[in-house]
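The block underneath contains the structure these notes are about, expressed in structure tokens.
The values are calculated or read from the model by the stated rules, or taken from the named source; none is laboratory data. Quick caveat, the model's predicted, so the values are computed rather than measured. Cβ placement follows ideal geometry from the backbone for every residue including glycine, while neighbour counts extend to all protein chains displayed.
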Amino acid sequence: MISVFAILIACLSGCALNKPQDPNWPNELPPRAYFLSQYQQDVTNKNIQSQEEYLSWIVRFYKGSELYPNGWNNITHDILLKLKNTPTADNIQAKLDQLGLLISEEWAKNNKTRIINSLHVSVWGNALLKSLELNETLQLIDRVASDVDDLLARKIPAEVIAAERYYVQDEDIL
């Protein structure tokens, strides 16, 4: 009887710690509450963009869209699949999760107020995928994270974020 009671207590405490996601919010995304908090903190953007529009762009960032089907979740999955047996896989997962939050919360804002635009997201996504071929993923994640931080702090201009910043482009592709 005591063991049944202990199991019941453990299950109930687990339920209290694992609060369910919003039923209208995709489970594979970071918590909606995080993005709501970010939205509320940016009064300038809040006066231009509705909360629903902001959140819809967050979903597009993570899940992709018709124009750019390779959402952050796909990129992260591809990277982790390739690196799943490496000693740095957990570190890479944590860094990609944090990087996704930083990029998405800014990118989802209205075009008039955001610092990170779609070109930046595309450049970073493509560079991350290219880094897999060259076994430079962890180094590139750190470089992109540094650029995101510098861009948000306005230490570098938005124009410097281009494909050539990370990898020299093959002339056959251009």
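Worth pointing out:
- Within the span defined as region 78-98, one or more residues are touching a Leu at 6+ places or on another chain (Cβ under 8 Å), of a type in the set (Gly, Ala, Ser) and farther than 20 Å from Leu152 by Cβ.
- Each residue in region 71-117 was checked for being surrounded by fewer than 18 Cβ atoms within 10 Å (Cβ to Cβ) and of a type in the set (Ser, Thr, Tyr), and 3 of them qualify.
- Of all residues in region 87-123 being farther than 18 Å from Gln41 by Cα and assigned to a loop (DSSP other than H, G, I, E, B), the one that is modelled with the highest pLDDT: Asn117
- Residue identified as of a type in the set (Phe, Trp, Tyr), within 23 Å of Asn45 (Cα to Cα) and surrounded by 13 or more Cβ atoms within 10 Å (Cβ to Cβ) among Tyr68, Tyr62: Tyr62
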